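Chemist: Dropping a structure here in structure tokens format, bear with me for questions.
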Amino acid sequence: MKISDINEMSVEDIKEQIAQEKANYAKLKVSHKVSQLESPLSIRASRKTIARLSTVLNQKLAQQ
């Protein structure tokens, strides 16, 4: 997910997306512990997406 896409989202949408990404991240970590993932880099990508969403959310909340 790109920053430009995230900037267009509302605060509520960003919070929902963060919750979804965190759930997905937890599933990926468990799956990786049980058996190897096809692409372990997806864990890193998920973590970076959560960070991007959190950063934009904090910026939007600071502007209000």
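Every number in this text was worked out from the coordinates using simple rules, so none of it is lab data. Keep in mind that this is a model prediction, so the values were computed, not measured. Heads up, the Cβs are rebuilt from the backbone with ideal geometry, glycines too, and the neighbour counts pull from every protein chain shown.
Chemist: Over 19 Å between Cα atoms, which of 27/48; 15/48; 22/48; 2/22; 2/29 qualify?
Modeler: 2/29
Chemist: In the Gaussian network model of the chain, springs joining C-alpha atoms below 10 Å, which of 39, 31, 54 carries the largest mean-square fluctuation?
Modeler: 39
Chemist: Sort 34, 56 so the one with the fewest other Cβ atoms within 10 Å of its own Cβ comes first.
Modeler: Fewest-to-most ranking of 34, 56: 34, 56.
Chemist: Starting from the Kirkwood radius over alpha-carbon pairs of segment 3-63, derive D by Stokes-Einstein at 37 °C in a medium of 0.692 mPa s and give it in µm² s⁻¹.
Modeler: Estimated diffusion coefficient is 266 µm²/s.
Chemist: Any chance you could give the angle, 0 to 90 degrees and rounded to 10, that helix 11-34 forms with the longest Cα principal axis of the chain?
Modeler: 10
Chemist: OK, next. Round to the nearest 10 and give me the degree value, 0 to 90, for the angle of helix 41-63's Cα axis relative to the longest principal axis of the chain.
Modeler: The helix 41-63 is inclined about 20 degrees to the chain.
Chemist: Taking the Cβ of residue 10 as the centre, find all other residues whose Cβ is under 14 Å away and add up their charges (Lys, Arg: +1; Asp, Glu: -1).
Modeler: Every neighbour counted, the sum reads -3.
Chemist: On full extension of the chain, what length is gained from residue 47 through residue 24, given 0.36 nm per residue of separation minus the C-alpha to C-alpha distance?
Modeler: The residue 47-residue 24 span can extend by a further 7.3 nm.
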